[in-house]
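Please read the structure below before turning to the comments.
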């Protein structure tokens with residue numbers, strides 16, 4: 001790739017890393033019905049949402065490390081994903097829900113009421129049969145959870161949600177330093193430990209704001225250092241105490257990770273996070289997304305809800321059908337998707353990328369059947385859509401085919417990443433690494449240094465964790481004055497490296 005191409009690519013990724021998601025809230029009575037409101041179809045197409053898994057400093061090509069007196073090396077299973085049961089068992093779902101309830105200030109709200117209201121969105125009138133004119137299965141049997149109590153009889157309650165992983169996504173911090181990345185807690189429904197037909201997984205994905213954004217990403221140094229320190233903390237008890245403080249209290253000057261603002265309520269910048277679900281209490285295996293939003297009635301908090309929203313960067317499958325009758329298909333096939341070809345053609349399995357606008361995203365990502373299988377819809381025959389993609393590839397001199405580009409976009413969807421794209425040939429010598437069968441963190445355990453720990457997917461072990469490790473170590477070892485201008489350094493912050 002020539003220098004001009006790299007500059008253009010870096011410029012595009014910088015804008016992607018700093019992009020913001022718009023949030024919408026309204027005012028209702030004290031117990032509003034949790035309807036999934038339609039997201040505005042008039043959203044300008046240039047306002048593309050950053051990919052939930054590929055944005056920020058993890059989405060740029062890292063320069064070589066310069067000479068540095070500081071050499072920090074992290075252990076991925078200590079500083080990037082923690083699944084040791086002795087640690088994660090200290091993060092019960094009830095504690096998370098209680099903290100959200102307390103922070104909301106909504107009178108009379110309880111963790112159980114919040115949980116049950118959340119799952120009432122899986123049955124009418126809480127759900128509707130489509131988002132953006134794409135299918136949205138309604139009702140689903142997960143709606144039965146609106147009548148159960150997951151917080152009683154821990155250890156034997158089939159409706160209990162068991163914490164299985166704490167995840168560090170510092171690599172998602174934008175180059176601008178508006179936020180310090182995303183920090184996750186994964187839960188698995190106990191029934192799924194022994195019954196593969198009754199599985200449900202929750203992922204609380206909080207975006208942590210940078211309290212000193214004027215410092216840029218340097219303001220996030222304490223967060224990066226915190227996670228690195230876990231690799232040199234031998235005691236699981238000490239690690240647990242550090243993590244509990246980080247998630248529920250906050251590092252000095254930082255808000256706690258577990259805060260309703262960080263799960264969808266904040267209107268950016270910085271962007272807010274989300275809660276995603278991986279559902280298989282009935283076929284098909286479906287992945288969905290929610291925002292935690294607080295409703296204000298005047299100056300008084302009156303409701304806190306998990307609101308269904310479209311799944312970020314998951315275009316509806318029918319948009320890839322050259323004969324699609326969807327009203328957004330012409331713009332998608334003639335303009336929007338072809339514009340994504342240069343970023344999808346980047347021949348690095350951790351860096352090729354996709355950004356989409358809210359109107360083209362579906363409300364669910366179906367990991368079984370053809371609904372979200374983009375290659376199935378795209379077909380193998382000639383079409384104007386195929387020609388549009390191939391023309392873009394020709395412009396950048398890429399040897400990839402239109403089929404490769406669609407396959408890569410599928411791999412970046414939830415359904416693709418979790419199941420459909422396992423082992424898929426994505427062109428350019430790249431093959432998508434396998435999940436652990438619909439999930440990346442399993443309900444089953446293996447021996448770990450502190451006893452049993454939950455297993456993780458081959459994709460995490462072989463591909464994604466090594467990249468995140470390189471990002472974190474490069475950030476921590478890249479000092480101002482080391483002669484290397486890192487993507488997140490600026491002339492004003494470090495004129496020695498970035499003149």
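The values are calculated or read from the model by the stated rules, or taken from the named source; none is laboratory data. Source: prediction; values computed, not measured. A quick note on method: Cβ atoms are made from the backbone with ideal geometry, for glycine too, and the neighbour counts reach across all protein chains shown.
Read through the list (1) closer than 22 Å to residue 263 by Cβ; (2) modelled with pLDDT of 95 or more, then give the number of the only condition that residue 79 fails.
(1)
Identify, by number, the condition in (1) closer than 20 Å to residue 51 by Cα; (2) part of a loop (DSSP other than H, G, I, E, B); (3) at pLDDT 95 or above that residue 289 doesn't meet.
(2)
So which residues in segment 317-340 are in a helix (DSSP H, G or I), under 28 Å from residue 438 (Cα atoms) and in contact (Cβ under 8 Å) with a residue 60 or more places away in the chain?
317, 318, 320, 340
Taking the residues in segment 277-286 that are touching a strand residue (DSSP E or B) at 6+ places or on another chain (Cβ under 6 Å) and part of a loop (DSSP other than H, G, I, E, B) as candidates, determine which candidate is nearest to residue 97 (Cα to Cα).
281
Going by the conditions given, is residue 311 modelled with pLDDT of 95 or more, part of a loop (DSSP other than H, G, I, E, B) and closer than 30 Å to residue 61 by Cα?
yes
Of 268, 253, which residue is out of contact with any helix residue (DSSP H, G or I) (no Cβ under 6 Å at 6 or more places or on another chain), in contact (Cβ under 8 Å) with a residue 40 or more places away in the chain, at positive phi and surrounded by fewer than 22 Cβ atoms within 10 Å (Cβ to Cβ)?
Exactly one residue qualifies, and that residue is 253.
May I ask you to list the residues in segment 341-374 that are closer than 22 Å to residue 397 by Cβ, within 19 Å of the chain's Cα centre (by Cα) and in a helix (DSSP H, G or I)?
If the condition is that a residue be closer than 22 Å to residue 397 by Cβ, within 19 Å of the chain's Cα centre (by Cα) and in a helix (DSSP H, G or I), then 343, 344 are the ones that fit.
Which residue out of 270, 256 is under 22 Å from the mean Cα position of the chain (by Cα), modelled with pLDDT under 95 and in a loop (DSSP other than H, G, I, E, B)?
270
Filter segment 210-239 down to the residues that are farther than 23 Å from residue 74 by Cα and at pLDDT 95 or above, then identify the one that is nearest to the chain's Cα centre (by Cα).
Among those residues, the one meeting the criterion is 211.
If we scan segment 296-304, do we find a residue that is part of a strand (DSSP E or B), under 19 Å from the mean Cα position of the chain (by Cα) and farther than 24 Å from residue 372 by Cβ?
Checked segment 296-304: no residue is part of a strand (DSSP E or B), under 19 Å from the mean Cα position of the chain (by Cα) and farther than 24 Å from residue 372 by Cβ.
Of all the residues that make up segment 92-109, how many are surrounded by fewer than 19 Cβ atoms within 10 Å (Cβ to Cβ), part of a helix (DSSP H, G or I) and out of contact with any helix residue (DSSP H, G or I) (no Cβ under 8 Å at 6 or more places or on another chain)?
The total comes to 1.
Of all residues being without any contact (Cβ under 8 Å) to a residue 24 or more places away in the chain and under 27 Å from residue 303 (Cβ atoms) in segment 232-250, which is surrounded by the fewest Cβ atoms within 10 Å (Cβ to Cβ)? Just the residue, please.
249
Could you grab me the full set of residues in segment 118-150 that are assigned to a helix (DSSP H, G or I), more than 13 Å from residue 281 (Cα to Cα) and under 23 Å from the mean Cα position of the chain (by Cα)?
Within segment 118-150, 118, 121 qualify.
Tell me the helices (runs of 4 or more DSSP H) entirely within segment 375-482 that contain at least 2 residues that are within 30 Å of residue 237 (Cα to Cα) and within 22 Å of the chain's Cα centre (by Cα).
Here the list reads 465-477.
Here's the yes/no breakdown for (1) within 30 Å of residue 493 (Cβ to Cβ); (2) in contact with a strand residue (DSSP E or B) (Cβ under 7 Å, 6 or more places away or on another chain); (3) free of Cβ contacts under 8 Å to residues at least 40 places away in the same chain:
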{"residue": "110", "(1), (2), (3)": "no, no, yes"}
{"residue": "121", "(1), (2), (3)": "no, yes, no"}
{"residue": "153", "(1), (2), (3)": "no, no, yes"}
{"residue": "210", "(1), (2), (3)": "yes, yes, no"}
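Taking the stated definitions as given, is residue 290 in contact with a strand residue (DSSP E or B) (Cβ under 9 Å, 6 or more places away or on another chain), in contact (Cβ under 8 Å) with a residue 24 or more places away in the chain, over 21 Å from residue 441 (Cα atoms) and surrounded by fewer than 24 Cβ atoms within 10 Å (Cβ to Cβ)?
no
Do you know which of the residues in segment 403-423 that are farther than 16 Å from residue 317 by Cβ and without any contact (Cβ under 8 Å) to a residue 24 or more places away in the chain is surrounded by the fewest Cβ atoms within 10 Å (Cβ to Cβ)?
423
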